[in-house]
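Input: a single structure, listed below in structure tokens.
The values are calculated or read from the model by the stated rules, or taken from the named source; none is laboratory data. All of these numbers come straight from a predicted model, not from anything done at the bench. Ideal geometry is used to build each Cβ from the backbone, glycine not excepted, and the neighbour counts take in all protein chains shown. All accessible areas refer to the heavy atoms of the entire protein, side chains included, with ligands and DNA or RNA removed. Shrake-Rupley method; radii C 1.70, N 1.55, O 1.52, S 1.80 Å.
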Amino acid sequence: MKRVIVCLVLVALVATTAFAGGQGEEGAAAAEETFTITAGIGLNDKSAQYQSFEYFKELVEENSDGRITVDLYHSSQLGDDREMMEALQLGTQEMTCPSTAPIAPFVDGYKVFDLPFIFPNEGAADYVLDSEIGQDLLDDLSDIGIKGLVYWENGFRQLTNDVRPVRTPADVEGLKVRTMENPIHLAAWQTMGANPTPMAFGELFSALQQDVVDGQENPWGTIYLQNFPEVQQYTTNTGHVYSPFVLMIAQEYWDNLPANLQDVVMDAAEKSRDHNRDLNRKLNAEYLEELKDVMEVTILSNEEKMAFQEATSDVYEQYSEEIGADLVNAVRAKVDEYMAQN
Ligand code: KDG
């Protein structure tokens, strides 16, 4: 009988300890704070940019053991690039990924990427963006309450319009071209004799449809996936500007993330950068082929492209001082370094 009582007491003790232990773990888990990242972009959910955000989400949620949830929004559901950056500053949204052009009104240095033809190819762009020059510009965002994580890719921008095929700068004369909200883009189209209008991306399709503007410029993937061929007949591989994307997060939110979760986010940002660049390049090439079936595509020779480069070269002088001549020269030197090695 005594033995039975001892056994019962022991069983009760073990059960109580196990329960208390379980409760302790649950208690600790409950005490581990969880986080939500609300992220928005302007492009639609078929874009390489959205697919890269899905990859980022997967990595972050898995590697944080569910402590961070990423909620994604596309098609300017949360606003345009400028509005979403302002939301990061206000703390009402955590992440976005704008082109560098709409960042330039916040931080002058970003204008360097808007100089026409500054990057001869994607390799040179990667080389500059992933160097100290690119990192310094990411760091400069902390002055406006934003942490720049890495550069993704929007890509080389190509002209579309609904008036005529464009083969020379003279063909651009008088065209009403929508540009991103950036003074250098405006100046470049003005020097070619066009009539540029800055406009948020979310308004672009209906502006083309209603003939508020005759044309616009964006990479092949965007032209195809945003259904621009429905409202645009002609496109030319002007490749006049390479648009980087900046993956960014609200500085205050970042500062409040525990260090191990900051590592998870940074690691996912870097992995998704490589994923994004590969995917974007593959899709841009594929969509150019698709576009040939639905638009009149003009492919310029290198010489013909040079005419566009010459026609826009005044913009360098006009803006060098504002951007910082040292920065412009540093980017050019870095591009030359890349071209000498490749
Ligand atoms: O998601 C990115 C878009 O918001 C925008 O940056 C696309 O290149 C773009 C444009 O023309 O506005």
Subject >> Estimated 222 nm signal from helices in the chain, with DSSP H stretches of n ≥ 4 weighted -39500 (n - 2.57), rounded to 500 >> reply: -16000 deg cm²/dmol
**OP:** With label points built 7 Å along Cα→Cβ from the Cα atoms of Arg167 and Met339, find their separation and express it in nm.
**Re:** 2.6
**OP:** Name the residues whose placed amide hydrogens come within less than 5 Å of the amide hydrogen of Asn195, ignoring near sequence neighbours (fewer than 5 apart) on the same chain.
**Re:** Gly174, Leu175, Lys176, Val177
Original post:
Where in the range 124-154 is the amide nitrogen less than 15 Å from a point lying 7 Å along the Cα-to-Cβ axis of Arg281?
Top reply: 124-130, 152-154
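Helix check for the chain. Which DSSP H runs span at least 30 Å along their own axis by Cα, with a mean Kyte-Doolittle hydropathy no less than 0.5?
Helices meeting the criterion: 2-31.
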Subject >> Average silhouette area of the range 84-127, convex hull of alpha-carbon atoms, in square nanometres >> reply: 3.7
Subject >> Cα centre as origin, Lys/Arg/Asp/Glu Cβ charges: the chain dipole, Debye >> reply: 860
Subject >> Residue (of Ala307, Leu43, Leu159) at the positive-pole extreme of the chain, dipole from beta-carbon charges >> reply: Leu43
Original post:
Listed highest first by mean packing, meaning other Cβ atoms within 10 Å per residue, what order do 126-133, 62-69 come in?
Top reply: 126-133, 62-69
Original post:
Roughly what % of DSSP beta bridges within the chain run antiparallel, to the nearest 5?
Top reply: 55
Subject >> ³J(HN,Hα), Karplus 6.51/-1.76/1.60, whole Hz, each residue of the range 198-214, x for Gly, Pro >> reply: x, 7, 5, 4, x, 9, 5, 4, 5, 5, 6, 5, 8, 6, 5, 10, 8
Subject >> Area accessible to solvent at His74, 1.4 Å probe radius, in Å² >> reply: 40
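First compute the accessible area of the range 35-111 with a 1.4 Å probe, then give the percent of it belonging to carbon and sulfur atoms.
Working: 1180 of 2870 Å².
Summing carbon and sulfur atoms, their accessible area is 41 percent of the total for the range 35-111.
Which whole-number percentage describes the relative contact order of the range 35-341, with Cα contacts under 8 Å and a sequence gap of 6 or more?
Relative contact order for the range 35-341 comes out at 27 percent.
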**OP:** Would you calculate the separation in nanometres between label points at Glu86 and Glu270, each defined as 7 Å from the Cα along the Cα-to-beta-carbon direction?
**Re:** 3.5
Original post:
Given the C-alpha centroids of the range 104-165 and the range 265-321, what is the distance between them in whole angstrom?
Top reply: 12
**OP:** Show the residues, 5+ positions off or on another chain, whose built amide H is closer than 5 Å to the amide H of Val241.
**Re:** Phe117, Arg157
**OP:** Please list the non-local residues whose amide H lies under 5 Å from the amide H of Val150, H modeled 1.01 Å from N, same-chain partners needing a gap of 5 or more.
**Re:** Leu247
**OP:** Skip the ligands, DNA and RNA, and give the accessible area per residue of the range 35-341 with a 1.4 Å probe, whole Å².
**Re:** 41
Original post:
Which entries in the list Lys111/Lys282; Lys147/Lys271; Lys111/Lys147; Lys176/Lys305; Lys46/Lys176 go over 23 Å, if you measure between the two C-alpha atoms of each?
Top reply: Lys111/Lys282; Lys46/Lys176
Subject >> Extended-chain gain in nm, criterion 0.36 nm per residue less alpha-carbon gap, Gln318 and Thr34 >> reply: 97.3 nm
**OP:** Could you check how much of the accessible area of the range 224-338 is carbon and sulfur, as a whole percent, using a 1.4 Å probe?
**Re:** 42
